[in-house]
Amino acid sequence: MELVQESAPERSDFKLRLIAEASRAAAPETLIASSSSSVPHRCFAASGRTGAAS
């Protein structure tokens, strides 16, 4: 399994755009993680990946 760890600055617009780009570029089985403390996890669900924490 591959892992992509996002550790960008705490700017939600930037993080969400970065996650969306990573989701498009990565293989479907790639786990994409975020170290965000300010962006609610449900916002990342828009990337289309399944398995997000609820």
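Please treat every number below as a calculation from the coordinates, not as lab data. The structure presented is a predicted model; accordingly, all values stated were derived computationally and were not measured.
The table that follows gives values for the structure above.
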item	result
Two-decimal Rg/Rh across region 3-47, once Rg and the Kirkwood Rh are taken from alpha-carbon atoms	0.92
Amide H contacts of residue 39 (H built 1.01 Å from N, under 5 Å, at least 5 apart or other chain)	none
Other-chain or far-sequence residues with amide H under 5 Å of residue 6's (modelled H)	33, 34, 35
Under Karplus coefficients 6.51, -1.76 and 1.60, residue-wise ³J(HN,Hα) of region 12-19 in Hz, glycine/proline x	4, 4, 5, 4, 5, 5, 5, 4
